[in-house]
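Asker: Before we start, here is the structure in question, set down as structure tokens.
Nothing in this text is a laboratory measurement; each read-out follows from the coordinates by a stated rule. Only a predicted model underlies this, so the values are computations on that prediction, with no experimental measurement involved. All Cβ positions, glycine included, derive from the backbone under ideal geometry; neighbour counts span all protein chains shown.
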Amino acid sequence: MRAFVAEKRGDEVVRGVRDDFEIGDLGEGDVLVKVGWSSVNYKDALATIAKGQVARISPLIPGIDLAGVDEDSGEEVLAHGYDLGVAHHGGYAECARVRSEWVVPLPGGLSAKQAMTIGTAGYTAARCVIALEDAGLTPDSGPVLVTGASGGVGSTAVDILAARGYEVVASSGKDPEYLELLGASEVITREDAAGDAGRPLEKARWAGAVDCVGGEVLAGVIRSLHYGGAVAACGNTGGVKLPATVLPFILRGVSLLGVDSVQTPIKERTETWRRLATDLRPPHLDDSLGHETDLDGLEDVLSKILRGEVSGRTVVRL
Ligand code: NDP
């Protein structure tokens, strides 16, 4: 079968399409999925480069997201996270063999392509929105900031939040037009979101925030939350360090909510997907949010996402 494979050779990782990958080499698992669609996430790109420190097997078929048909039952299914695309062959192939406990039935109202337009990124955006609302955020609370807003997680978060009636401010290093189209009421620069690192607290601007960037930007967001506000932190494209003080926590009672998409228990995961098909559905799934490629186009998209040049989501047609 055809598969996009990343293989370590010495200090290098060689990546590309192969026509002769054996289904018998797909690894352990009790469900064989005929993959229809996958997607491209930042982590997928990291899985194909030597310094990415994501891939745990070699050779590896990357692709942390996949959707297709269970060969045995004929049911449409999706799977993402856990070991997929890092320690177990993932979605960049015509077939994948996965564990049944990783499988989510495709929720009614979403096609396999739409589910992959959402993918891990959109799922993570939804987990961030759920975390913020569980912490008390409502559209009446005030403006919500999304950082790294043009990326997969950020753009889907903007789309979901705007559809739920929030006033969304997007922080981005790119052209504001795309984010305004998704529903952002204002687009600010990364530098504006990062604020003034010399000050322990800044003007209270955000009732809540979804942070895809980490580092100085997350620290600036924490210094600028309203009294009792919260930020859902899910990403590190701007760095893994958090140069913060305790003052916003002890003087403004703000909360830092960690969000992980990889190990969410399957029951919660299935419920989040049910909501992604209904009340958390991103409205721009079929137009501005997604772009399409195939196995032969992957190389280019993986390079671009590492350079921060991709906006929105890219789905992969198998
Ligand atoms: P993308 O590459 O699609 O988007 C990342 C965005 O971050 C870019 O579009 C850019 O947005 C911004 N950015 C890029 N480089 C920098 C930089 N040096 N400084 C500041 N901002 C930068 O990635 P994803 O949306 O797929 O993922 C976003 C982050 O979330 C990643 O760190 C990823 O690893 C993480 N993630 C975590 C998950 C979890 O389970 N916790 C799940 C999924 C993703 P702009 O130009 O608009 O500023």
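Asker: For residues that are within 16 Å of the ligand (Cβ to nearest atom) and either in a loop (DSSP other than H, G, I, E, B) or in contact with a Lys or Arg (Cβ under 8 Å, 6 or more places away or on another chain) (or both), tally how many sit in the stretch 238-262. Quick ask: steps written out before the conclusion?
Answerer: Just the residues of the stretch 238-262 that are within 16 Å of the ligand (Cβ to nearest atom), to begin with: 238-243, 256-262.
The next check asks that each one be either in a loop (DSSP other than H, G, I, E, B) or in contact with a Lys or Arg (Cβ under 8 Å, 6 or more places away or on another chain) (or both); those that pass are 238-243, 259-262.
Of the residues in that region, 10 qualify.
Asker: Would it be correct to say that L181 is surrounded by fewer than 19 Cβ atoms within 10 Å (Cβ to Cβ), closer than 25 Å to Y42 by Cα, of a type in the set (A, V, I, L, M) and in contact with a Ser or Thr (Cβ under 8 Å, 6 or more places away or on another chain)? Break it down into steps so the answer makes sense when it comes.
Answerer: Working: surrounded by fewer than 19 Cβ atoms within 10 Å (Cβ to Cβ): yes; closer than 25 Å to Y42 by Cα: yes; of a type in the set (A, V, I, L, M): yes; in contact with a Ser or Thr (Cβ under 8 Å, 6 or more places away or on another chain): yes.
Against the criterion (surrounded by fewer than 19 Cβ atoms within 10 Å (Cβ to Cβ), closer than 25 Å to Y42 by Cα, of a type in the set (A, V, I, L, M) and in contact with a Ser or Thr (Cβ under 8 Å, 6 or more places away or on another chain)), L181 qualifies.
Asker: Which ones in the stretch 225-251 are free of Cβ contacts under 8 Å to residues at least 60 places away in the same chain, in contact with a helix residue (DSSP H, G or I) (Cβ under 9 Å, 6 or more places away or on another chain) and surrounded by fewer than 24 Cβ atoms within 10 Å (Cβ to Cβ)?
Answerer: Correct list: Y227, A233, N236, G239, V240, K241, L242, P243, A244, T245, L247, F249.
Asker: Related question: Being touching a residue at least 24 places away in the same chain (Cβ under 8 Å) and surrounded by fewer than 17 Cβ atoms within 10 Å (Cβ to Cβ) is the filter here; which residues of the stretch 57-78 pass it?
Answerer: Taking the stretch 57-78 and keeping what is touching a residue at least 24 places away in the same chain (Cβ under 8 Å), we get 57-72, 75-78.
Hits for the stretch 57-78 are I57, S58, E71, D72, E75.
Asker: Let me ask something else. Which ones in the stretch 275-318 are in contact with a helix residue (DSSP H, G or I) (Cβ under 7 Å, 6 or more places away or on another chain) and within 11 Å of the ligand (Cβ to nearest atom)?
Answerer: Of everything in the stretch 275-318, those that are in contact with a helix residue (DSSP H, G or I) (Cβ under 7 Å, 6 or more places away or on another chain) and within 11 Å of the ligand (Cβ to nearest atom) turn out to be L302, I305, L306, V310, S311, G312, R313, T314.
Asker: Shifting gears a bit: Report those strands (runs of 3 or more DSSP E) wholly inside the stretch 136-237 carrying at least 3 residues which are away from the ligand (no atom under 13 Å from the Cβ). Before you say what the answer is, go through the steps one by one.
Answerer: Working: elements: 144-147, 168-171, 186-188, 206-211, 225-233.
Once the strands (runs of 3 or more DSSP E) in the stretch 136-237 are filtered for at least 3 residues that are away from the ligand (no atom under 13 Å from the Cβ), what remains is 206-211, 225-233.
Asker: Need pairs with beta-carbon distance below 6 Å; first residue in contact (Cβ under 8 Å) with a residue 24 or more places away in the chain and assigned to a helix (DSSP H, G or I) and within the stretch 291-310, second aromatic (F, W, Y) and near the ligand (Cβ under 9 Å from one of its atoms); sequence gap 6+ or separate chains.
Answerer: Cβ pairs passing all conditions: I305/Y42.
Asker: Which of (1) in contact (Cβ under 8 Å) with a residue 40 or more places away in the chain; (2) under 25 Å from G119 (Cβ atoms); (3) assigned to a helix (DSSP H, G or I); (4) not aromatic (F, W, Y) is the odd one out, the single condition L285 does not satisfy?
Answerer: Just one mismatch for L285, condition (3).
Asker: In addition: Tally the residues that are out of contact with any Lys or Arg (no Cβ under 6 Å at 6 or more places or on another chain) and either of a type in the set (A, V, I, L, M) or over 16 Å from I266 (Cα atoms) (or both), restricting the search to the stretch 72-90.
Answerer: 13
Asker: Continuing with the same structure: Scan the stretch 17-30 and tell me whether some residue there is over 25 Å from the mean Cα position of the chain (by Cα) and in a strand (DSSP E or B).
Answerer: There is at least one residue in the stretch 17-30 that is over 25 Å from the mean Cα position of the chain (by Cα) and in a strand (DSSP E or B).
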